[in-house]
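Working notes, structure below.
The values are calculated or read from the model by the stated rules, or taken from the named source; none is laboratory data. Treat the numbers as computed from the prediction; the structure is a model and nothing was measured. Heads up, the Cβs are rebuilt from the backbone with ideal geometry, glycines too, and the neighbour counts pull from every protein chain shown. We work out accessible area using only protein heavy atoms, side chains counted, and drop any ligands, DNA or RNA first. Shrake-Rupley method; radii C 1.70, N 1.55, O 1.52, S 1.80 Å.
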Amino acid sequence: MNIQRNPTRAVRIGSVTIGAGHPIAVQSMTATQTRDVDATVAQVNALAAAGADVVRIAVDGYGEAQAIPEIRAQTDANLAVDLQENYRRAETVAPYVEKLRYNPGHLYHHERDKPWQDKVRYLVEVARDNDCAIRVGVNCGSVDPAKQAAYDPADRVSPMLDSALEHCRFLDEMGFTRYCVSLKDSDPQEVIEVNRRFAEARPDVPLHLGVTEAGLPPDGVIKTRIALEQLVSRGIGDTIRVSLTVPNDRKPEEIAAGRQILDDIAHGRVRSVVDYGLSTLNIISCPSCSRVENEAFVELAEDVKRMTEYARQHKITIAVMGCRVNGPGETDQADLGLWCGPSYVNLKRGSETLGQFAYNEILGELKSRLDALIAERG
Ligand code: SF4
């Protein structure tokens, strides 16, 4: 799949650069007590060994900030610090890390009388002096109260978007462009919408994608996958994080899951129907999992790809799904959809079911439906 990436600007985070067509970076965050230097170093290094491009560490209190130089001394990983509510810790930690993350909604907790613009000016100065990038990390659970008050409470997307765009404008006005943005929500559909709208407004700003509080695997991975499939396939996203609720020794699974999702999207192995924006044939098949109802599914997906080769100049989406859990619903969005049962394959055109066919009959049936569709569309 040749995905046309958004023309974002390059942002360097230590030894990794995101944006400007660089490979999508995969990152994670430690879940240890930051003050526990040994445990945090062990987790940072485990994540880096698993292939994390950047590892984020949360810092709020004084003790956590004091731990950062000690952690830095024991790892070569690119470190990002999450400033949480206490933005003033930036100057203590910045000399030891590659990126600072601030949340616009958290700039109100300390020094309430000070305008947020002054606080961001300070953060930019600290970032500049210490060769750090910045992430403006907007989160659905802690949006700038002024933005929230300006919109209908049922609209979760607009306040996040407005807040992110306002901070981008402010950073640009200061001539600071070494930043990326994230807009996270726990609902993948909201993540898709807010990031699409942001990318439309600011296609130049690199995006860090993720679903917050995604939960336990496999559901947490699936939720993230749903959002990333719809965004990365359309060229949106320069770095990602899969947030999973797992014990500390399993944290590196976040990296493996992130890389797997990106690889699957690049190869058309998707769980939701994805429009890659192609003007040609779009064949997608689910990546398969323990729910696959017949092992012949994988072979069938390959056969569909081969058999439909003759139609590659036509803008038609064909989805091949492995089971009844996701198959019936997900294929609704495809022009032609196949979902596998134990002994039959169900064939659909959009949301209409055309029938059930044996595994050795389905290709012939699909071909005649495909021919009819091509003839119809001229
Ligand atoms: S469609 Fe079914 S088999 Fe395929 S990945 Fe989804 S749940 Fe698993």
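Descriptive notes on the structure:
- Selection status of A311, over 12 Å from L366 (Cβ atoms), of a type in the set (A, V, I, L, M, F, W, C), more than 29 Å from the chain's Cα centre (by Cα) and more than 10 Å from the ligand (Cβ to nearest atom): no
- Note on the stretch 56-74: residues that are open to solvent by 10 Å² or more (accessible area, probe 1.4 Å), under 16 Å from D38 (Cβ atoms) and modelled with pLDDT of 95 or more total 6.
- Flag for I236 being within 22 Å of A49 (Cα to Cα), open to solvent by less than 30 Å² (accessible area, probe 1.4 Å) and either assigned to a loop (DSSP other than H, G, I, E, B) or more than 16 Å from the ligand (Cβ to nearest atom) (or both): no
- The residues of the stretch 26-55 that are part of a helix (DSSP H, G or I) and either among the small types (G, A, S) or open to solvent by less than 40 Å² (accessible area, probe 1.4 Å) (or both), listed by number, are V37, A39, T40, V41, A42, Q43, V44, A46, L47, A48, A49.
- In the stretch 273-291, the qualifying residues are those that are without any contact (Cβ under 8 Å) to a residue 40 or more places away in the chain and not in a loop (DSSP other than H, G, I, E, B), and the one that is farthest from the ligand (Cβ to nearest atom) is N282.
- All positions within the stretch 316-326 that are under 13 Å from V270 (Cβ atoms) and either buried (at least 21 other Cβ atoms within 10 Å of the Cβ) or within 12 Å of the ligand (Cβ to nearest atom) (or both): I318, A319, V320, M321, G322, N326
- Taken together, V274, V345 contain a single residue that is open to solvent by less than 40 Å² (accessible area, probe 1.4 Å) and modelled with pLDDT under 95, which is V274.
- The set of residues in the stretch 277-315 that are closer than 21 Å to L262 by Cα, of a type in the set (S, T, Y) and surrounded by 12 or more Cβ atoms within 10 Å (Cβ to Cβ) comprises S285, S288.
- All conditions but one from (1) under 27 Å from the mean Cα position of the chain (by Cα); (2) within 16 Å of the ligand (Cβ to nearest atom); (3) of a type in the set (D, E, K, R) apply to E299; the one that does not is (1).
- Candidate set: the stretch 327-359, residues that are aliphatic (A, V, I, L, M) and within 17 Å of I283 (Cα to Cα); chosen: the one nearest to the ligand (Cβ to nearest atom): L338
- In the stretch 292-321, residue nearest to T280 (Cα to Cα) [restricted to those that are part of a helix (DSSP H, G or I) and small (G, A, S)]: A311
- Within the stretch 252-271, considering residues that are open to solvent by less than 10 Å² (accessible area, probe 1.4 Å) and farther than 23 Å from C323 by Cβ, the one nearest to the chain's Cα centre (by Cα): G258
- Count of the stretch 167-189 residues which are at pLDDT 95 or above, buried (at least 16 other Cβ atoms within 10 Å of the Cβ) and assigned to a helix (DSSP H, G or I): 4
- Among the conditions (1) assigned to a helix (DSSP H, G or I); (2) out of contact with any Asp or Glu (no Cβ under 9 Å at 6 or more places or on another chain); (3) surrounded by fewer than 24 Cβ atoms within 10 Å (Cβ to Cβ), the only one that A164 does not satisfy is (3).
- Failed condition for F198, given (1) more than 28 Å from A48 (Cβ to Cβ); (2) of a type in the set (A, V, I, L, M, F, W, C); (3) open to solvent by 20 Å² or more (accessible area, probe 1.4 Å); (4) in contact with a strand residue (DSSP E or B) (Cβ under 9 Å, 6 or more places away or on another chain): (3)
- Close pairs from the stretch 139-167: first under 20 Å from A214 (Cβ atoms), partner of a type in the set (A, V, I, L, M) and open to solvent by 10 Å² or more (accessible area, probe 1.4 Å), Cβ under 8 Å, at least 6 apart: M160/V143
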